[in-house]
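What follows is a single structure, written as structure tokens, with notes after it.
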Amino acid sequence: MNRLEGKVAIITGGNSGVGAATAEKFAAEGAKVVITARREAQLLEVAEKIRAAGGEVLPIPSDISKAEDAKRVVETVMEQYGKIDVLVNNAGVLDNGLKAIDSFTDDDMDRVIDINTKGTMCMMREVTEEMAKTGYGSIVNVASVAGVMGCGGAAYVASKAAVIGLTRHTALRFVGTNVRCNALCPGTIVTPMVAGMNPANMDMNIFGQMMKHNDLKVQPCMPEDVANMILFFASDESRAITGQTIVTDFGSTL
């Protein structure tokens, strides 16, 4: 308990799944939690649950794929708390039907890259400016095993591989300043986003290849499994770790 006592943490995509589980865990560990997402009603439900458990939370509806929204979120947090200790870049979307490199659509690519990659970059641009002033901060990027192994739709793989590269870039930029950046790469997670995939839209060319390289007998991750790892990287227990990418998939892709 109290591993994040007194810290201010922003969690994007905080309205469900990994984001909601992380927000609840952070609040229980003493953090002042800021959650942001596009769907306001779900965001407020998570905030109410955190408050009911005695936690402190500030919900801010936003679309982080828009640079002005990322800036507004950070400005609001600075006005409220005066600092940002932790940023969890969790907001993300899947492509439509795991479309491979020879079948992805431009519209789908733009949507996925805008949220998964551009949104992450915009948040880090705004937050690192504030963290650099205080000389402290931990950024945790939720990427995907797809960015490591290529096991996903082309647009999604590209977006998450970019996040992995940006993690190392950001860590390198701030080495020696006590501002850290690491990435987690979950495998399949049981979340509403994954549950909403339509089998009829699947590109079987890539889906079949993925199945050859995954052990289907291995259990999937639950949101709480990923949230536990995020907590470790957010806390001072991991203060010597930066620029690292960790796959969390119970070994299904080994």
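Key figures for this structure:
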{"read-out": "Helix-only CD estimate at 222 nm, as mean residue ellipticity for the chain, using -39500 (n - 2.57) per DSSP H run (n ≥ 4)", "value": "-13500 deg cm²/dmol"}
{"read-out": "Three-way shape call for the chain based on the alpha-carbon gyration tensor, with the a/c threshold at 1.5", "value": "prolate"}
{"read-out": "Set of lysines near residue 71 by C-alpha distance (under 25 Å), chain-local residues within fewer than 8 positions excluded", "value": "7, 32, 83, 118, 133, 160"}
{"read-out": "Prolate/oblate/rounded label for region 11-82 (Cα gyration tensor, a/c 1.5)", "value": "oblate"}
{"read-out": "Potential extension, residue 133-residue 219 segment - 0.36 nm per residue separation minus Cα distance", "value": "26.7 nm"}
{"read-out": "Karplus (6.51, -1.76, 1.60) ³J(HN,Hα), θ = phi - 60°, over region 64-71, in Hz, Gly and Pro reported as x", "value": "6, 6, 9, 4, 5, 6, 4, 5"}
{"read-out": "Cα gyration tensor category, rounded, prolate or oblate, for region 28-157 with a/c compared to 1.5", "value": "prolate"}
{"read-out": "Efficiency of FRET from Cβ geometry, residue 240 and residue 110, R₀ 41 Å, rounded to 0.05", "value": "0.60"}
{"read-out": "Accessible surface of the chain, 1.4 Å probe, proportion on carbon and sulfur as whole %", "value": "54 percent"}
{"read-out": "Residue-wise HN-Hα coupling along region 72-80, computed from phi with Karplus coefficients 6.51, -1.76, 1.60 (Hz; x: Gly, Pro)", "value": "5, 4, 5, 4, 5, 5, 5, 5, 7"}
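The values are calculated or read from the model by the stated rules, or taken from the named source; none is laboratory data. Please read these numbers as outputs of a predicted model, since none were measured by experiment. Please note: Cβ atoms are built from the backbone with ideal geometry, for glycine as well, and neighbour counts cover all protein chains shown. Only protein heavy atoms, including side chains, enter the accessible area calculation; ligands, DNA and RNA are left aside. Shrake-Rupley method; radii C 1.70, N 1.55, O 1.52, S 1.80 Å.
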